[in-house]
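The values are calculated or read from the model by the stated rules, or taken from the named source; none is laboratory data. Bear in mind that the values here come from a model prediction, so they are computed numbers and not experimental data. Here Cβ is always computed from backbone atoms with ideal geometry, including for glycine, and neighbour counts include all displayed protein chains.
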Amino acid sequence: MKRTILIFTVLLFVGSHSVYTQQFNLDSLERVLQGSISDSLRLTTLLTLSKEYQYKDIPKAEKFSKQAFSLAEKNNWAWGKSKAYSQEAFLATISGDYTKAMKYDNENLQMVIEQGDSVAIAESLNNLGNDYSDIGKYDESYYYFTQSYRVARAIKDSLKMTKAIFNIGTVLNELGQYDLALEHFRVSSQISQMIGDEDGMPYTDEAVGFVYLKRKEYKKAEEYLRKALRSIRERNLTVIEPRTMKRLAQLYFEQDDSEKALLYYDTAAMLYRQSSNEFGVAEVNLGISQILIDQEGFAEAKGLIERSLETAKLFNAQKMEIDCYRLLSELAEKKGDFKSALTYHKNFKQLEDSLFSEKMIEKIFQDQLRFQTETKDLEIAALSKAKTQQSNEIRRQEFLRNILVVVVALTAILLFTVYRSGQRRKRINNLLVEHQQEIKRRSIELEQLNQVKDKFFSIISHDLRSPINALSGLLNLVENKQITQEEFANLTKELKIQFNHTRTLINNLLDWALLQMDKLKIQPEKINLATIVDDNFKLLSSLHLKEIKLVNNLAPDMIGWGDLNMINLVFRNLILNAIKFSEAGGVIEISATHKDGSYVVGVKDYGVGISEEVQKLLFDKTSGYSTRGTANEKGTGLGLILCKEFVEKNGGQIWLESEEGKGSTFYFSLKKA
């Protein structure tokens, strides 16, 4: 710590002359304001002063920006108000008040849209994306970054495009899509180099270093972060220096070098305090508290975490709030206070589930798919244009060659040979085109399968971890006799519901895995539909799921032809789905009709119903759509996809009819025996 203070004392001494010169310039600008000048020059001077003071004296910088806004409003200058809004938002950002920054950036966006200023629109969209990203709302930030990219691309603004691509990479990094994030950073870096954007390189190096840090590749992480820090200091990019320091501190902590980690955290905290950034200081305090927990300095660690939690709630920063509850749970567990640890862990999980919800992940997934498809369409259009130019060039060359053939009066044999050669080349070209189309089709299928796999694995890892963690916490409480019989009974009931969901998930997962590996073989046989429904009713009734009334209207003589296990899974998943979206005490009816040598079976509920938009997604394996039931039951979207594939493998079809608020009926057809 002493060494760090000594280094900064030397730096301050060396830079004293520069500070004096800057102060002289600031004093000159302030004297300009005291003179008789035009309003437009006064507004420009006020904004310049605000920017000069933004890293030295935040309150003074805010005073000048507010004066600039008042002057612009007095003269009804839209351009002036826009610049003032932009400066106010930036001051809020470097102070860590991202909610306030979001307010000003929204105001600015509305103004530049009214002005039709496309460059400013792209910049404002990008700033809003950064605001949402800073507080952890990644679905909103992804939307604004992609919108910024679209506007920048339309006006061919390479600088704005590379910013948007870079920021999309930061969102993907936060969501664990590391390879995709690195690809975005690579493209952003190439564009920055091409247009001479030297300030963009330190940002990219810092972001790449953070990716490798999250992947635990510490050697590469340190290489990129140190390179970024050197460039940041050379180019005086004050705004990201403390963040880079914080990343380096985290790197050394994870490598068990707590002393060096504390040095970097202290430096980062000092830089954040200089810019009055309470949010940044709170983030640093969380990092320091991790070190204190590791060193069993529990009281000091708890104080730091609680102060950070207050800041997180003040700025509505849910991501930081999640980290606070996680550290409080870890601290309580190390102290042996398992009851408090479980309470903090529940708060942590509830916030994490709300922030990184399935709906949010699904929204980003769909936005990403649309964005990639749109980008691919542009690439295809460019390739088509190049191909047309190439075809025109080929035709021109063929024309010249034919003239040459006529001029030199080649023999009929030579003409015939040239003709045959052209035909052969066309056949080869056609074969190559067909081969390329086949490769492209297979690539799309593989990409969709990978997306489905990643989606399901993400859901599975989340759903399996929750009941196991809950059971572990309950066992700790029982072992330490810190739970009453009444509390034990309530928690056991909740655990039973979670494990029933987990059992269904595992069964569906195993069937899905076998299906993907083509290990499930159809063994058709006669199936008594009424009997198989009764068996499922008995099984599900024993679970007491909402006390639903289950009605079997199938005739005893209805005998279908198909694989018993597959059809049993279809019935079980459709009944469970109906229970999930029915209110307690509701009714579920199963009936069937005859049609063209098949039975059409219907599973009807009188629950909440399904909107037309959601109906289109239910059987799409690339969407994996799911939502919670009337009793907050979880789902994965896997059950209905399995039902569709199993019904189709048995030669049938599946569909649904639904009306919101009145219930749903899922139909599937099965051949008669």
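Residue 301: more than 28 Å from residue 200 (Cα to Cα), touching a Leu at 6+ places or on another chain (Cβ under 8 Å) and of a type in the set (A, V, I, L, M, F, W, C), yes or no? So residue 301 fits the description; yes. Against the criterion of being at pLDDT below 75 and either within 30 Å of residue 641 (Cα to Cα) or in contact with a strand residue (DSSP E or B) (Cβ under 9 Å, 6 or more places away or on another chain) (or both), residue 428 does not qualify. Residues in the range 82-125 that are outside any helix (DSSP H, G or I) and among the charged types (D, E, K, R) were compared, and the one that is nearest to residue 150 (Cα to Cα) is 117. Residue check: residue 537 meets all listed conditions (1) over 20 Å from residue 656 (Cβ atoms); (2) at pLDDT 90 or above but one, namely (2). Out of 131, 179, I need the residue that is assigned to a helix (DSSP H, G or I), buried (at least 21 other Cβ atoms within 10 Å of the Cβ) and not hydroxyl-bearing (Ser, Thr, Tyr). Which one? Only one candidate qualifies: 131. Scanning the range 190-206 for residues that are surrounded by fewer than 22 Cβ atoms within 10 Å (Cβ to Cβ), in a helix (DSSP H, G or I) and in contact (Cβ under 8 Å) with a residue 12 or more places away in the chain yields 191, 194, 195, 200, 201. Of everything in the range 275-324 that's of a type in the set (Asp, Glu) and surrounded by 21 or more Cβ atoms within 10 Å (Cβ to Cβ), which residue is farthest from residue 353 (Cα to Cα)? Result: 283. Right, residue 280: at pLDDT 90 or above and either over 17 Å from residue 251 (Cβ atoms) or β-branched (Val, Ile, Thr) (or both) or not? Criteria not met by residue 280. Of all residues in the range 255-265, which are over 31 Å from the mean Cα position of the chain (by Cα) and among the acidic types (Asp, Glu)? Within the range 255-265, 257, 259 qualify. Does residue 325 count as aromatic (Phe, Trp, Tyr) and within 30 Å of residue 90 (Cβ to Cβ)? When the stated conditions are applied, residue 325 does not pass them.
Screening the candidates 272, 264 for the property of being part of a helix (DSSP H, G or I), buried (at least 22 other Cβ atoms within 10 Å of the Cβ) and touching a Gly at 6+ places or on another chain (Cβ under 7 Å) yields one hit, 272.
Annotation note: of 162, 146, the sole residue that is out of contact with any Ser or Thr (no Cβ under 9 Å at 6 or more places or on another chain), crowded, with 19+ Cβ neighbours inside 10 Å and β-branched (Val, Ile, Thr) is 146. The C-beta contact set for the range 62-76 (first residue more than 13 Å from residue 50 (Cβ to Cβ) and touching a residue at least 12 places away in the same chain (Cβ under 8 Å), second residue among the acidic types (Asp, Glu) and part of a helix (DSSP H, G or I), distance under 7 angstrom, 6+ apart or interchain) comprises 75/39. Which residue is modelled with the highest pLDDT, if the candidates are limited to the range 95-125 and must be among the β-branched types (Val, Ile, Thr) and over 24 Å from the mean Cα position of the chain (by Cα)? Among residues in the range 95-125 that are among the β-branched types (Val, Ile, Thr) and over 24 Å from the mean Cα position of the chain (by Cα), the one modelled with the highest pLDDT is 113. Of 210, 185, all but one fail to be in a helix (DSSP H, G or I), of a type in the set (Phe, Trp, Tyr) and within 18 Å of residue 261 (Cβ to Cβ); the exception is 210.
The number of residues in the range 207-224 that are buried (at least 24 other Cβ atoms within 10 Å of the Cβ) and farther than 20 Å from residue 163 by Cβ comes to 1.
Go through the range 311-339 and report how many residues are assigned to a helix (DSSP H, G or I), more than 18 Å from residue 295 (Cβ to Cβ) and among the hydrophobic types (A, V, I, L, M, F, W, C). Looking only at that region, the number is 6.
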